[in-house]
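> Pasting a structure below so you can have a look.
The values are calculated or read from the model by the stated rules, or taken from the named source; none is laboratory data. It should be emphasised that the depicted structure is a prediction, and the values quoted were computed from it without experimental measurement. FYI the Cβ positions are ideal-geometry reconstructions off the backbone, even for glycines, and counts take in every protein chain you see.
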Amino acid sequence: MAFDGFVVAALVKEMNDTIAGGRLYKIAQPEEDELFITIKNNKEQYRLLLSANASLPLAYLLEDNKPSPLTAPNFCMLLRKHISNGRIVSITQPGLERIIRFEIEHLDEMGDLCKKFLIVELMGKHSNIIFCDENNIIIDSIKHIPAYVSSVREVLPGREYFIPNTTGKHNPFTVNQSEFEHDVCSKPFELSKAVYSSFTGISPVIAEEICHVASIDSHTSAGCLTPDERLHIFNIFSSVMEDISGGIFSPCIVYKDDEPVEFSAIPLTMYSCDASVASGISYRTEHFSSISTVLLNFYEKKNALSRIRQRSADLRQIVNTALERNYKKYDLQLKQLSDTDKREKYRIYGELLNTYGYNIPEGTKSFEALNYYTNDMITIPLQPDLTARENSVKYFERYNKLKRTYEALSKLTLETKAEIEHLESISNSLDIAVSYEDLVQLKEEMIEYGYIHRKGPKGKKEKITSKPFHYISSDGFHMYVGKNNFQNEELTFGLATGNDWWFHAKNIPGSHVIVKAENKELPDNTFEEAARLAAHYSKGRAQEKVDVDYIQKKHIKKPNAAKPGFVIYHTNYSMTIDNDHHKMGTLVEE
């Protein structure tokens, strides 16, 4: 996940194809470190977002508008004064730096044609948006950097603008083979680090990809490469740089399950199917025609997932705490239950002492008798200060105590196990939640079962708007997936009718999947797609293969007093299914 020089190069090409030659129609500053510019070009209207946010610097074209403050900040007013209605002459990138340079022509107060530069630096905490005149003198910037903040370069009105080379990196477009070998192979680093630390604009992800394409282990020491390997890695490096200089890009996002983990302006073959199988992690790559669309989708999904995780953190903590407590309680109950296994032995001791104890002398410490249940001789320990009958009473007392403990623990262990299963199902529902509305319904379930207390006036419930996932199979059948126990209950006993099919991951927490059969026979593809949904929306989603039970709804029963979503069934079918996300039908947005 790197906003590197390759991504900037792809952005510059896209902007040259769309907004170069256009006029600046509107300039707004929705955030203190962000510009939103509307551009008209070739009878089209484009919106450009430029952000110098220290934690998330961005630049891309988008379709939606952004609200702006009623009073424009000073930097925005300055830009409006100088370049409003100005024309974008060119959009360039110096070398492979993470810098976009907009050259803008405009008319001054006297009607003379002037030139200005708007320079966007996308460099993490050093990001900035700088406005310069035609002589590269800074007019103003969205962030002022005085000398006491940076000894390398001041960014203040009146200072000359220049790009500082603080890292000693070289321009990857101009390097030859001998320079490449000297820069890379002389470093005491592993190969990928030697590559990205030697040249501007190359991120660790791109360096890893170059090593992967060259079929050289990225962890190999750069100084240990053979002459052939040095030539090969240089040729791959040069080929990649030729594509970039020629404007050949393939914007993409790499997903791990449904979570975006990387984006790039070039193909990331190291996340191919073969690489996924080798690593045991399921990756998929989605390609786009526009790098702006990549950035918009990536950060939108990433932010949505982050927000859900943040909002669910408190609920998850409560569930995990309750689970840990119940795990410990269950282990203790099972240990105590195993201690009651001796109860039958004590009962037999008592019976045998009543049967044969009439001739045991006083003070005897043990007694051998025939166990008429097994026809074996056993030795019964005795307390010498007690009579045979008193020893028998003692054994029966111990038997009855263990019997009562066994009966109580047998019930308690079942209750604790059911509690654990319920909490694990809530944990799984938290894992698959995709919106705040999903969390609202989960919170209601936790309130109903006493895990948390309701807050607010008179314990008022929040409105439930969460809906199950709705998929359509490749054969056109509607498939529904519950996001939590309440939805599982409603799907199975509300939506489903007798001949509809029910799917669930075998013996692990997961969602109920209902396939509406409409009194038709389901094709094999639909069975497999529904099973994949059941596997994916279960605790087994990280496994390569998952066992899934399936049965017609009419054979599903709900035990008395069972928690929502908990059912029993017999004579079911089972299949072992892979977790291929591409073969789960089509998700319907509702």
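> Answer yes or no: is there a residue in region 494-510 that is out of contact with any Pro (no Cβ under 9 Å at 6 or more places or on another chain), assigned to a strand (DSSP E or B), crowded, with 24+ Cβ neighbours inside 10 Å and not hydrophobic (A, V, I, L, M, F, W, C). Lay out the reasoning, then the answer.
Pass one, region 494-510, residues out of contact with any Pro (no Cβ under 9 Å at 6 or more places or on another chain): 494, 496-510.
Filter again for assigned to a strand (DSSP E or B), leaving 501-505, 510.
Adding the requirement that they be crowded, with 24+ Cβ neighbours inside 10 Å leaves 502-505, 510.
Filter once more, keeping what is not hydrophobic (A, V, I, L, M, F, W, C): 504, 510.
Yes: one or more hits.
> Spot the failing condition for residue 130; the list is (1) in the same structural domain as residue 103 (by TED's automatic domain parsing); (2) at pLDDT below 95; (3) of a type outside the set (Asp, Glu); (4) not in a helix (DSSP H, G or I), and only one is missed.
Residue 130 satisfies every listed condition except (2).
> Considering only region 349-365, state which residues are touching a strand residue (DSSP E or B) at 6+ places or on another chain (Cβ under 8 Å) and either crowded, with 18+ Cβ neighbours inside 10 Å or not in a loop (DSSP other than H, G, I, E, B) (or both).
349, 352, 353, 355, 356, 357, 360
> Within region 1-44, track down each residue that is part of a strand (DSSP E or B), of a type in the set (D, E, K, R) and over 29 Å from the mean Cα position of the chain (by Cα). Let's see the steps before the verdict.
Within region 1-44, the subset part of a strand (DSSP E or B) is 23-31, 34-41, 44.
Still in the running and of a type in the set (D, E, K, R): 23, 26, 31, 34, 40, 44.
Residues satisfying the conditions are 23, 26, 40, 44.
> Looking for something β-branched (Val, Ile, Thr) and either modelled with pLDDT under 90 or buried (at least 19 other Cβ atoms within 10 Å of the Cβ) (or both) - is there at least one such residue anywhere in region 249-259? Break it down stepwise before answering.
At the first step, the residues of region 249-259 found to be β-branched (Val, Ile, Thr) are 253-254.
Then drop every residue that is not either modelled with pLDDT under 90 or buried (at least 19 other Cβ atoms within 10 Å of the Cβ) (or both), which leaves 253-254.
For region 249-259, residues β-branched (Val, Ile, Thr) and either modelled with pLDDT under 90 or buried (at least 19 other Cβ atoms within 10 Å of the Cβ) (or both): present.
> Could you tell me how many of the residues in region 473-482 are buried (at least 19 other Cβ atoms within 10 Å of the Cβ) and either at positive phi or in contact with a strand residue (DSSP E or B) (Cβ under 7 Å, 6 or more places away or on another chain) (or both)?
Step one: of region 473-482, the residues buried (at least 19 other Cβ atoms within 10 Å of the Cβ) are 473, 477, 479-482.
Within this subset, residues satisfying the condition of being either at positive phi or in contact with a strand residue (DSSP E or B) (Cβ under 7 Å, 6 or more places away or on another chain) (or both) are 473, 477, 479-481.
Result for region 473-482: 5.
> Next up: Quick one: count up the residues across region 521-554 that are outside any strand (DSSP E or B), out of contact with any Leu (no Cβ under 9 Å at 6 or more places or on another chain) and of a type outside the set (Lys, Arg).
Summing the residues that are outside any strand (DSSP E or B), out of contact with any Leu (no Cβ under 9 Å at 6 or more places or on another chain) and of a type outside the set (Lys, Arg) in region 521-554 gives 19.
> Would you confirm, using the coordinates I've provided, whether residue 344 is loosely packed, with under 15 Cβ neighbours inside 10 Å and part of a helix (DSSP H, G or I)?
When the stated conditions are applied, residue 344 passes them.
> For residues that are surrounded by fewer than 17 Cβ atoms within 10 Å (Cβ to Cβ) and in a helix (DSSP H, G or I), tally how many sit in region 421-439.
Restricting attention to region 421-439, the residues satisfying the condition of being surrounded by fewer than 17 Cβ atoms within 10 Å (Cβ to Cβ) are 421, 431, 434-437.
Right, trim to in a helix (DSSP H, G or I) and you get 421, 431, 436-437.
Selection size over region 421-439: 4.
> For residue 518, are the conditions met, namely being part of a loop (DSSP other than H, G, I, E, B) and either surrounded by 14 or more Cβ atoms within 10 Å (Cβ to Cβ) or of a type outside the set (Gly, Ala, Ser) (or both)?
Yes: the conditions hold for residue 518.
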